[in-house]
Every structure is written in C-alpha cells, then in structure tokens.
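Read the structure below first, then the notes.
The values are calculated or read from the model by the stated rules, or taken from the named source; none is laboratory data. Note that this is a predicted model, so its numbers are computed, not measured. In this analysis, Cβ positions are derived from the backbone assuming ideal geometry, glycine residues included, and neighbour counts consider all displayed protein chains.
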Amino acid sequence: MLLDPAPRRLGVLDALHRIGALARHNLIIRLRDPGQMISYVAMPMVLMLVLKPLYVRALDQGVAQIATGLMVMFSVFAISMAGNAILSERTWRTWDRLRVSRAPAFELLIGKTLPLFVVMIAQQAILIVYGCLAIGLPVPPSPPLVLLAIVIWAFALLSLGAVLATLVRSHGELSVISDVGALTLSSLGGALVPLSIMPGWAQAAAHVSPGYYALDMMQAAVRGDAAGVVPSAAVLLVLGLAAGAFAARRLARGWGRGGLL
Amino acid sequence: MLVATDLVKRYGDVQALDGFTLSVAAGEIVGLLGHNGAGKTTFVEIVSHLIRPDGGRVTIDGRPPSAARGEVGVAPQHLALYPSITVREHLELYGRLAGLRRTALHEAIEELAVVLRLTEIMDRRTGRLSGGQQRRTQAASALVHRPRLLLLDEPTAGADLETRQAMLDVVKQRAGEGAAVVYTTHYLPELTELRATIAVARSGRIIARGACDELLRDLPGEVRVTLDGEEEIAVSTSDPAAALVDLLGRVNRPVTSVDVRNPSLDDLYRSLAVTHAA
C-alpha cells in the first residue's frame with residue numbers, strides 16, 4: 001500500500017509554522033527588554049580596552065588572553081539571560097498556557113531557546129570581531145572554526161541556563177547562582193589569569209569548570225588549530241546534551257503548582 | 001464531547017480528586033461549583049493535559065486529552081500573560097499555535113476584539129492593563145481558535161461588571177455555536193444567566209448535577225411578611241407564592257411589607273455543603 005506523503009509534509013510545515021510563531025514571540029520579548037543583552041556586550045568591550053595594556057605587558061599572548069578570556073567570562077554571565085527567560089515563563093504562569101496549545105514540548109523548547117541561542121552566538125561573535133578591530137586580536141585564520149566553537153559554547157551555556165531555571169525558585173536565586181557561578185567558573189577556567197600562573201590547586205580544579213574547556217576551545221579556534229578544538233568541544237557538547245536533556249524533561253512536564261518562592 | 005470518569009488525583013497527603021465523574025455535551029455549559037480545594041482546578045488541569053490523573057479516564061470527542069490539544073481552549077484561574085507583549089500579539093501567538101494564518105487569524109482576532117471589548121487596547125502591552133482588561137485578554141487567548149471545548153476556570157474572578165458581562169456574552173455565543181463549556185465560578189448568578197447545567201464538586205467528586213430548576217425544586221424558599229411595621233412572620237416553604245396567599249388570608253392586621261424569595265443557587269450550595277458535611 002502506498003503511503004500518502006502529503007499529511008506528513010503538512011505536519012512538518014505546521015510544526016515549522018508553530019516554531020516560527022514561538023521564536024518570533026520570544027524574540028519580541030527579548031528585544032523589548034534588552035538591558036542584560038546590552039550590558040553583557042558593552043562591559044567586556046570596555047574591559048578589553050582598559051585591561052589590554054596590562055595583559056600585553058604581562059603575557060606573550062596578552063591580547064588573545066584578554067579577548068577570549070573576557071568573551072568566555074561574559075558569555076557565562078549570559079547564562080542568566082537564558083535562565084531568566086525560562087524562569088519568567090514560570091513566574092508569569094505562561095508555560096502551562098503554552099503546553100495546552102497544539103505545539104508539543106519539543107516545539108515549545110525550540111521556539112523558546114532559538115532566539116536566545118542566536119543572541120548568545122551574536123554576543124560572542126561581536127566580541128571576537130571587536131577584539132580584532134579594537135584591541136588588535138589577530139584575525140582568525142579559520143572563521144568557520146571560530147563560529148563552530150561559538151555555536152558549541154552557546155549550546156552548552158543555553159543548556160546550563162535552562163537547567164538552572166528549572167531548579168531555582170526565584171529570579172533572586174537565579175541571579176546569585178548565575179553571577180557567582182559565572183565569576184567562579186570562568187576565573188577558575190583561566191578567563192582572567194592564565195592557568196599557567198595560577199596556583200597548583202587551581203590548575204587541578206580548573207578541569208571541573210566548563211569555562212576551562214570553553215577557553216581552551218576558543219583559543220585553539222582563534223589560532224586556527226582544528227585538532228586543538230576537538231577535545232574541549234567534545235566535553236562541552238556532552239555537557240550541553242546532558243544538561244539539555246535534563247532541562248527538556250523538566251520543562252516538558254511543567255512545574256506543577258509548587259516550587260516558586 | 002467531554003467525558004471524565006472516576007478521576008483520581010492525589011498530591012502527597014491531599015486527595016484532590018476522588019472519583020470525579022462529569023460529562024459535558026456539545027453546546028452545553030456546565031457550571032462547576034465548589035469550595036476552594038473541591039477539585040475544580042485539578043479537573044481542569046487534567047482535561048487540559050497539564051497533569052495526569054492517578055486513576056480514571058478522560059476523553060474529548062472520544063480521544064484522550066493528549067490527542068485533543070488544539071480542540072481545547074483554556075483560561076486558567078490565574079492570569080497567565082506576557083507583560084511586555086500587546087493584546088494583539090497574544091492573540092496572534094495563540095492563534096498561530098492553533099494553526100490559524102493570515103486572513104483567518106486576522107478575522108478571528110478582530111471578531112474577538114469586538115465581542116470582548118478589546119478594540120481600544122489591542123496595541124497596549126498587557127502589563128499596563130487593568131485587571132479586567134487582562135482577564136478579557138486571557139479569555140480571548142483561549143477563544144481565538146474557536147475551540148470545541150472551553151475550560152474557563154473562574155474567568156471573572158475579581159473582574160468588573162463590563163468584563164463579567166462581556167465574558168458571559170461570549171460564553172453564551174460560543175455554546176450557541178456548539179462548543180462544550182466548563183465554567184467554574186463562585187459567582188452563582190452568572191450560572192443562572194448562562195442557563196448552565198449545574199455540577200457541584202466537593203472533596204474531589206461531583207455530588208450533584210442537573211438543570212438549575214431540577215436541583216432547586218426540592219429546596220425551600222422563604223416568605224417574610226411584616227405586620228403593622230413591627231411584627232415579622234417568616235415561613236420557609238417549597239411553594240412561597242401559595243404560602244403567601246395562605247398567610248394573607250389568615251392575618252387581620254395591616255401588612256406593611258412582603259418579601260418572597262424563591263430558592264437560589266446559594267441555597268442549593270449551602271444545603272449540599274451541609275448535607276455532605278453531615
């Protein structure tokens with residue numbers, strides 16, 4: 001018996017239509033409250049300019065260190081953007097309202113996270129370009145490799161942000177965890193000070209920080225070292241997939257009536 | 001259209017539903033009454049496929065709730081709106097999620113804007129609207145795709161008169177077009193105006209269901225007659241009009257006021273609560 005492909009194609013188109021509607025809706029929300037987005041791009045720009053002389057004098061690869069280090073650090077801060085976006089659905093009680101719609105859970109998740117993903121990629125890309133234009137970061141020999149690294153890191157960050165949003169009970173809790181966590185993890189990962197001049201215990205502890213792998217991957221990508229990108233990219237991909245699966249499961253089931261402060 | 005049979009749901013030590021059975025036909029409005037904690041919202045959440053029951057069965061047009069999403073319009077008890085998004089953008093979002101496009105979407109939105117008196121505020125962000133305007137926006141979001149089953153959980157809670165009337169008008173209109181409606185409320189006169197079938201929930205189950213007149217038939221009304229502006233005679237009776245005629249025939253003093261009160265839904269509600277508490 002022949003199968004009629006028309007309904008299936010229509011189903012895919014309908015799904016794309018719904019995802020498009022959700023992504024557009026979430027993009028509007030983002031653009032109407034752009035404060036976080038702007039500060040996480042502007043702050044590292046200012047810091048790069050101010051700190052560049054210090055890093056150039058202190059380190060051989062000072063410019064690369066300050067450009068990639070601050071990019072990683074402020075991209076970790078952007079976890080709170082993802083967390084806030086998802087947590088807001090919970091505090092506004094709109095997530096359950098969406099779950100009642102025809103869109104299945106995976107469409108809701110894609111529609112919700114797609115604009116955030118784009119924003120995170122844009123943030124990192126802007127900072128790399130700014131590094132090249134404003135503080136003399138050498139133009140990467142392989143821009144696609146840098147873009148790949150940015151995409152992988154944005155994916156991992158988005159997943160971590162989503163996990164946080166499903167676990168915390170208020171925006172205050174999210175703010176504390178994401179800000180303190182971002183500073184700790186990115187510093188420990190070598191974003192501010194190269195690992196080579198950090199104490200032994202810190203060098204050992206750095207391996208538990210996603211910031212360490214992000215910085216290692218990003219610096220390899222900026223050098224055009226594809227082989228150097230792979231190990232850290234693999235770690236971040238696994239982390240992102242695990243965190244994403246956890247968050248997706250939690251979000252698909254909703255929060256029920258409890259859990260908020 | 002909606003058939004729920006023996007639903008059971010427990011939250012820890014709390015038995016939210018305990019054999020909850022209710023059916024709603026196409027075109028029927030069922031007014032679901034009950035104290036807070038009677039199980040009304042849990043029932044709505046199960047039918048909306050937001051939570052799963054521990055036991056029992058729900059079908060919507062013969063299908064489980066998971067397969068009937070899109071046929072259901074839900075206005076939850078709590079406001080669920082995006083404060084930075086306009087009324088029009090809300091309706092566009094939920095309309096698009098339900099599969100409406102271009103002309104159909106535009107027409108559905110414009111029609112609801114008129115019926116629910118939203119025309120003037122369509123391009124205002126919901127965070128800046130009054131409570132009543134937000135309630136109407138929420139209802140419009142539930143109605144925009146013309147669902148065949150409407151679940152309205154206290155849609156007029158805290159709403160002004162304009163909102164309440166607009167809501168009742170649109171519910172009557174949609175039921176007239178064949179939608180099945182579950183309408184939970186604490187404002188009993190609304191159900192009289194909607195000519196709703198009444199279902200009373202208590203302790204997680206339905207303890208009475210029927211047409212308003214049927215349920216009120218056996219309840220006593222009251223006749224209150226004041227004589228000489230001083231003495232008051234009150235009679236509780238199932239036939240207040242006959243009792244009044246009888247009373248006026250027996251008294252030989254000037255009657256200064258007469259008050260005849262037929263049994264109301266409030267009486268039914270109180271009576272059932274007392275009966276089942278006992």
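Here B:Leu112 meets the list (1) more than 11 Å from every other protein chain (Cβ to nearest Cβ); (2) assigned to a loop (DSSP other than H, G, I, E, B); (3) surrounded by 22 or more Cβ atoms within 10 Å (Cβ to Cβ) almost entirely, failing just condition (2). It is to be established whether one or more residues within the stretch B:234-255 are under 19 Å from B:Thr156 (Cα atoms) and of a type outside the set (S, T, N, Q). The answer is no; no qualifying residue exists. Scanning the stretch A:102-124 for residues that are over 15 Å from A:Ala15 (Cα atoms) and away from every other protein chain (no Cβ under 14 Å) yields a count of 10.
Checking B:Thr184, B:Thr156, B:Thr192 one by one, the residue that is touching a residue at least 40 places away in the same chain (Cβ under 8 Å), within 30 Å of B:Glu111 (Cβ to Cβ) and buried (at least 16 other Cβ atoms within 10 Å of the Cβ) is B:Thr184 and no other. Residues of the stretch B:44-89 that are among the hydrophobic types (A, V, I, L, M, F, W, C) and within 21 Å of A:His25 (Cβ to Cβ): B:Leu50, B:Val72, B:Val74, B:Ala75, B:Leu79, B:Ala80, B:Leu81, B:Ile85, B:Val87.
On inspection, B:Leu100 does not qualify as aliphatic (A, V, I, L, M), more than 9 Å from chain A (Cβ to nearest Cβ), within 14 Å of A:Ser101 (Cβ to Cβ) and part of a helix (DSSP H, G or I). Out of all the residues in the stretch B:59-78, which are in a strand (DSSP E or B) and closer than 19 Å to B:Ile29 by Cβ? Matches in the stretch B:59-78: B:Ile60, B:Val72, B:Gly73, B:Val74, B:Ala75. B:Gly12 meets the stated requirement of being free of Cβ contacts under 8 Å to residues at least 40 places away in the same chain and more than 25 Å from B:Leu191 (Cβ to Cβ). Spot the failing condition for B:Ile233; the list is (1) assigned to a loop (DSSP other than H, G, I, E, B); (2) not assigned by TED's automatic domain parsing to the domain that holds B:Ala25, and only one is missed. Condition not satisfied by B:Ile233: (1). Determine whether B:Leu81 is within 10 Å of chain A (Cβ to nearest Cβ), at pLDDT 90 or above and closer than 21 Å to A:Ala15 by Cβ. Taking the combined requirement at face value, the residue does not satisfy it. Of all the criteria given as (1) over 30 Å from B:Arg128 (Cα atoms); (2) within 14 Å of another protein chain (Cβ to nearest Cβ), the one not satisfied by B:Thr21 is (2).
The helices (runs of 4 or more DSSP H) found wholly in the stretch A:169-261 and carrying at least 1 residues that are within 16 Å of the chain's Cα centre (by Cα) occupy A:171-188, A:210-223, A:226-253. Out of the residues in the stretch A:62-101 meeting the condition of being at the interface with chain B (Cβ under 9 Å from one of its Cβ atoms) and outside any helix (DSSP H, G or I), tell me which one is nearest to A:His17 (Cα to Cα). Checked the stretch A:62-101; the qualifying residue nearest to A:His17 (Cα to Cα) is A:Ser101. Of the residues making up the stretch B:115-127, just one is part of a helix (DSSP H, G or I), more than 23 Å from A:Ala23 (Cβ to Cβ) and of a type outside the set (Val, Ile, Thr), namely B:Glu120.
Yes/no per residue for (1) facing another protein chain (nearest Cβ under 10 Å); (2) out of contact with any Leu (no Cβ under 9 Å at 6 or more places or on another chain):
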position: B:Asn36; (1), (2): no, yes
position: B:Ile46; (1), (2): no, no
position: B:Arg52; (1), (2): yes, yes
position: B:Gly55; (1), (2): no, no
position: B:Ile60; (1), (2): no, no
position: B:Pro64; (1), (2): no, yes
position: B:Val74; (1), (2): yes, no
